[in-house]
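Chemist: Can you read through this structure? Questions will come right after.
The values are calculated or read from the model by the stated rules, or taken from the named source; none is laboratory data. Predicted model, so just to flag it, every value in this text is computed and none were measured. Ideal geometry is used to build each Cβ from the backbone, glycine not excepted, and the neighbour counts take in all protein chains shown.
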Amino acid sequence: MDNVVLADQFEANRPRLRSVALRMLGNTAEADDAVQEAWLRLSRSGGDEVANLSAWLTTVVGRVCLDMLRSRTARREDEYAAEQPAAAASPEEQAMLADSVGLALLVVLDTLTPAERLAFVLHDMFAVSFEEIAPIVGRSPDAARQLASRARRRVRTTPNAGTPADRRVVDAFLDASRGGDLGMLLALLDPDVEMRIGPVSQQRGADGVARFFAGRAQAARPALLDGALGIAVVLEGAVKVALRVTIVDGLITVLDAITDPTQLAALNVEVLQD
């Protein structure tokens with residue numbers, strides 16, 4: 001196929017491919033990388049043997065995203081152990097994610113396995129058949145159907161996963177804590193915010209709570225705590241502290257810290273990607 005024609009056909013498919021990758025990865029930079037990889041593979045193949053270019057490209061992007069998700073999952077524990085703060089998304093990237101994907105959905109999608117996420121995204125969001133999905137995940141069509149079904153139940157039943165605005169508040173709070181940005185912390189906290197640590201220790205007021213967190217949270221990550229959006233402090237692959245976060249009208253009103261090992265063990269903690 002002529003290179004100009006091939007490039008034109010690819011560009012016609014780019015918006016859909018980017019939408020697939022964005023919903024799979026939840027990260028604009030990685031989504032663009034996945035789409036670029038699909039173009040490289042298409043240009044190397046020449047496209048002469050491709051009967052349905054749109055389906056072929058969707059399959060390629062799906063495989064690339066699946067590999068990236070699996071790689072991300074494999075290295076996540078090492079990143080937490082090293083206590084490396086994650087790079088903050090730009091305001092433009094956050095807005096793009098909120099508009100085109102929905103951060104509330106991304107919170108839930110981050111709790112799925114890579115295969116479940118791919119099956120759900122491709123089938124439920126882009127109407128790709130399970131016969132096409134099956135070879136991507138290395139399963140039978142029936143098994144791929146089951147992956148999507150499990151993911152669908154999770155998406156529908158996960159409680160209190162947080163609104164897009166709530167997730168942005170939690171992310172901004174963690175970024176400000178890590179960076180020691182006292183002004184931003186004060187802007188995110190209700191003036192009468194209450195912090196509880198165990199059954200006895202309490203602190204009230206934005207100034208004191210902001211100073212407590214300023215410069216900390218290097219090992220903290222957004223998380224689902226029994227399905228509710230919160231924060232988990234992860235050290236050496238283990239959750240050491242869980243923070244239940246109450247947000248009202250865009251401000252944090254309560255931070256309820258769980259530090260008791262027995263209580264933490266009974267808590268279902270699902271660490272999310274920053």
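Chemist: Does residue 246 fit the bill of being modelled with pLDDT under 90, surrounded by fewer than 17 Cβ atoms within 10 Å (Cβ to Cβ) and closer than 22 Å to residue 111 by Cβ?
Modeler: When the stated conditions are applied, residue 246 passes them.
Chemist: For region 19-31, which positions are part of a helix (DSSP H, G or I) and surrounded by 16 or more Cβ atoms within 10 Å (Cβ to Cβ)?
Modeler: Step one: list which residues in region 19-31 are part of a helix (DSSP H, G or I), which gives 19-25, 28-31.
Within region 19-31, 19, 20, 21, 22, 23, 24, 25, 28, 30, 31 meet the criteria.
Chemist: Restricting to region 203-243, name every residue that is surrounded by 18 or more Cβ atoms within 10 Å (Cβ to Cβ) and not hydrophobic (A, V, I, L, M, F, W, C).
Modeler: 221, 222, 230
Chemist: Check every one of the strands (runs of 3 or more DSSP E) wholly within region 228-274 and list those with 1 or more residues that are more than 23 Å from the chain's Cα centre (by Cα).
Modeler: It comes to 251-258.
Chemist: Does residue 223 count as in a strand (DSSP E or B), closer than 27 Å to residue 273 by Cβ and within 26 Å of the chain's Cα centre (by Cα)?
Modeler: Yes, satisfied.
Chemist: To continue, here is another question. Take the residues of region 164-202 that are modelled with pLDDT under 90 and crowded, with 17+ Cβ neighbours inside 10 Å: which is farthest from the chain's Cα centre (by Cα)?
Modeler: Per the criteria, the residue is 196.
Chemist: So residue 65 passes all but one of these: (1) under 30 Å from residue 239 (Cα atoms); (2) among the hydrophobic types (A, V, I, L, M, F, W, C); (3) outside any helix (DSSP H, G or I). Which condition number does it fail?
Modeler: (3)
Chemist: Can I ask one more? Look through region 164-203, keep the residues that are in a strand (DSSP E or B) and free of Cβ contacts under 8 Å to residues at least 40 places away in the same chain, and return whichever of them is nearest to residue 249 (Cα to Cα).
Modeler: Checked region 164-203; the qualifying residue nearest to residue 249 (Cα to Cα) is 191.
Chemist: Residues that are small (Gly, Ala, Ser), at pLDDT below 90, outside any helix (DSSP H, G or I) and surrounded by 15 or more Cβ atoms within 10 Å (Cβ to Cβ): does region 142-153 have at least one?
Modeler: no
Chemist: Which residue pairs have Cβ atoms closer than 7 Å, lie 6 or more positions apart in sequence or on different chains, and pair a first residue in region 246-267 that is not assigned by TED's automatic domain parsing to the domain that holds residue 235 with a second residue that is of a type in the set (A, V, I, L, M) and not in a strand (DSSP E or B)?
Modeler: Every condition considered, no pair remains.
Chemist: Sticking with this structure for a sec: For region 8-18, which residues satisfy the criterion of being touching a residue at least 40 places away in the same chain (Cβ under 8 Å) and surrounded by fewer than 18 Cβ atoms within 10 Å (Cβ to Cβ)? Please lay out each step first, then the result.
Modeler: Narrowing region 8-18 to residues touching a residue at least 40 places away in the same chain (Cβ under 8 Å): 9-10, 13, 16-17.
If the condition is that a residue be touching a residue at least 40 places away in the same chain (Cβ under 8 Å) and surrounded by fewer than 18 Cβ atoms within 10 Å (Cβ to Cβ), then 9, 16 are the ones that fit.
Chemist: In the list 11, 49, which residue meets the criterion of being modelled with pLDDT of 90 or more and over 15 Å from the mean Cα position of the chain (by Cα)?
Modeler: Just one listed residue meets the conditions, 11.
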